[in-house]
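The values are calculated or read from the model by the stated rules, or taken from the named source; none is laboratory data. This one's a predicted model, so the numbers in the text were calculated from it and none came from an experiment. Positions of Cβ are generated from backbone atoms using ideal geometry, with glycine treated the same way; all protein chains shown enter the neighbour counts.
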Amino acid sequence: MSRYAFLLLAIAIAPTAAPAADLAKGKETFKMYCATCHGETGKGDGPGAQGLQPPPRDFTKGQFKFDANKNGKTGEDADLKEVIKKGPGAFGGAPFMPAWEGTLSDADIENLIAVIRSFKAK
């Protein structure tokens, strides 16, 4: 087997890694679309949170209640992605958070999930 053929074979069977989320871009998107209610630090204490019932999720707790993909596990990235896309109201949650599908790209949402995960208190 020639070196060229070996290289092509190695590339063909090598696992492809998903691109890593861009935390910096995610923070910009969070500030623009989410911080009004969820707060700059993700505590659910933004200026728009006043009087909302239920209050916006406090991401510093790292607790998520929806199993949007219905696999028996709550709070996975796939669940968060669906809640962001469709809004929590689609899963029995707060109806005041809008669905962001069509406004945010899949990459934007993946970046947001990285930010949401980064808020969890250590």
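Worth pointing out:
- Within region 102-117, the residues that satisfy the criterion of being part of a helix (DSSP H, G or I) and surrounded by 14 or more Cβ atoms within 10 Å (Cβ to Cβ) are Ala107, Asp108, Ile109, Glu110, Asn111, Leu112, Ile113, Ala114, Val115, Ile116, Arg117.
- Residues within region 58-95 that are out of contact with any Phe, Trp or Tyr (no Cβ under 7 Å at 6 or more places or on another chain) and either small (Gly, Ala, Ser) or closer than 17 Å to Met32 by Cα (or both), tallied: 8
- Failed criterion for Glu82 (all others in (1) at pLDDT 95 or above; (2) loosely packed, with under 13 Cβ neighbours inside 10 Å; (3) not in a loop (DSSP other than H, G, I, E, B) hold): (2)
- Region 46-74, residues that are assigned to a loop (DSSP other than H, G, I, E, B) and crowded, with 16+ Cβ neighbours inside 10 Å: Gly46, Pro56, Arg57, Asp58, Phe64, Phe66, Asp67, Ala68
- Positions within region 104-120 being hydroxyl-bearing (Ser, Thr, Tyr) and in contact (Cβ under 8 Å) with a residue 60 or more places away in the chain, in sequence order: Ser118
- Every test in (1) under 15 Å from Ile113 (Cα atoms); (2) without any contact (Cβ under 8 Å) to a residue 24 or more places away in the chain; (3) among the small types (Gly, Ala, Ser); (4) touching a Lys or Arg at 6+ places or on another chain (Cβ under 6 Å) is passed by Gly62 save one, and that test is (2).
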